[in-house]
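The values are calculated or read from the model by the stated rules, or taken from the named source; none is laboratory data. Quantities reported herein were computed from a predicted structural model and do not represent experimental measurements. Here Cβ is always computed from backbone atoms with ideal geometry, including for glycine, and neighbour counts include all displayed protein chains.
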Amino acid sequence: MKREDILTSFLIPIDGSECSKKSLCFSGTLLASIGSRCRAITLLNVLAGGYLSEHLSNIDIRAEHLIDSEQFKKIKEEHARKQIMPILDDAAQKLLDMGVKTDIEKLVLDGDPADQIAKIAIERNFSTIIIGRRGLSPFKELFFGSVTDSLLHRDLETSIYVIGNNQAHIPPCPPRRVLVAIDGSAPSMAALEEAAVLSHTLKDYVEKFIMLHVINLARYAEHIESGMKPEAEANGILTEAEEKIVDLGVDPKIVETVIRYGRPVETICEEITKREIDLLFVGRSGRSRIEEWVLGSVSRGVLHRCHGPIIAVIGRDPDKVKEK
């Protein structure tokens, strides 16, 4: 995905739940604020099969032939028309009422929600998915699954904006205070670039743009022994990052660079609370679900510990963009 395509096409899964209502609210204020930059919006509902349970007792047909039957197709179409389309119609109207000017597509698919969301995101090259989360613990998500959690483990270039589920704190949108966790890696640089594009687009709203580099104390001695100077490296990363975002149009007056010592996940969460962050940007490493559970992941860890802010997980790799 090229820089000019960042934050231009939006896929918003909707199911009528409280978490999807929150993501719709965030979407409306964000999309209205970025104006003509937004070129495409799709509201998506995925039929996961639960609608069949109330009808199966009335169907005189063997299960293996059910999906291909005309009766099944009629049940699905009727359910979509009566139960799903009103939800999507209502969601589309709310976006329009909030000031969104872009045409809104309403789409109903059938299958596993995470699979279908990922598939349509890839096929249509959506720049952004905006989705709520149910708030499962890491162990529950590992064993029982979560649409949001599953999407974060896909090889997607699409950015995923995850809406917090903390009832006591609903971050303002457009965001006022933006934090980017940066370590110099390609994923974190992609996160930095998207944060800069958004902040420049919302320059009338964003008051603070903070770049945070955490020097991991668990590896500090190892770096010193190998001849590395973590502080010098951190300063170099942040200097380069600041030059990059100013070049992308971020006002240097709102930029702040922060170096902290500690464990990355805990330190990032502390900074979010301390600085009252509305929107956090992190890169996605691309590890598998089991690898992240065993080895840990900064983006995953922050998602499970910080329930207040919007967290944007960026999978785009700037190096791949250059190759294209």
If we only count helices (runs of 4 or more DSSP H) wholly inside the stretch 42-144, which ones have 1 or more residues that are at pLDDT below 70?
53-56, 63-66, 70-79, 138-144
Every residue from the stretch 147-163 that is in a loop (DSSP other than H, G, I, E, B), modelled with pLDDT under 85 and touching a helix residue (DSSP H, G or I) at 6+ places or on another chain (Cβ under 8 Å)
LEU152, HIS153, ARG154
Looking across the stretch 203-220 at residues that are more than 15 Å from VAL298 (Cα to Cα) and in contact with a strand residue (DSSP E or B) (Cβ under 9 Å, 6 or more places away or on another chain), the single one that is surrounded by the fewest Cβ atoms within 10 Å (Cβ to Cβ) is GLU207
Considering each residue of the stretch 221-245, count those that are at pLDDT 95 or above, loosely packed, with under 12 Cβ neighbours inside 10 Å and either of a type outside the set (Ser, Thr, Tyr) or within 17 Å of VAL206 (Cα to Cα) (or both), and give that number.
1
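Every residue, every condition in (1) surrounded by fewer than 16 Cβ atoms within 10 Å (Cβ to Cβ); (2) farther than 20 Å from PHE209 by Cβ; (3) modelled with pLDDT of 90 or more, yes or no:
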residue: ASP247; (1), (2), (3): yes, no, yes
residue: TYR261; (1), (2), (3): yes, yes, yes
residue: VAL298; (1), (2), (3): no, no, no
residue: ILE311; (1), (2), (3): no, no, yes
residue: LYS322; (1), (2), (3): yes, yes, no
Name the pairs: first residue in the stretch 183-211 and in contact (Cβ under 8 Å) with a residue 12 or more places away in the chain and closer than 19 Å to GLU271 by Cα, second residue among the basic types (Lys, Arg) and not in a loop (DSSP other than H, G, I, E, B), Cβ to Cβ under 6 Å, at least 6 apart or on different chains?
LYS208/ARG177
Based on what the data block shows, is THR42 assigned by TED's automatic domain parsing to the domain that holds ASP90, closer than 13 Å to THR128 by Cα and not charged (D, E, K, R)?
yes
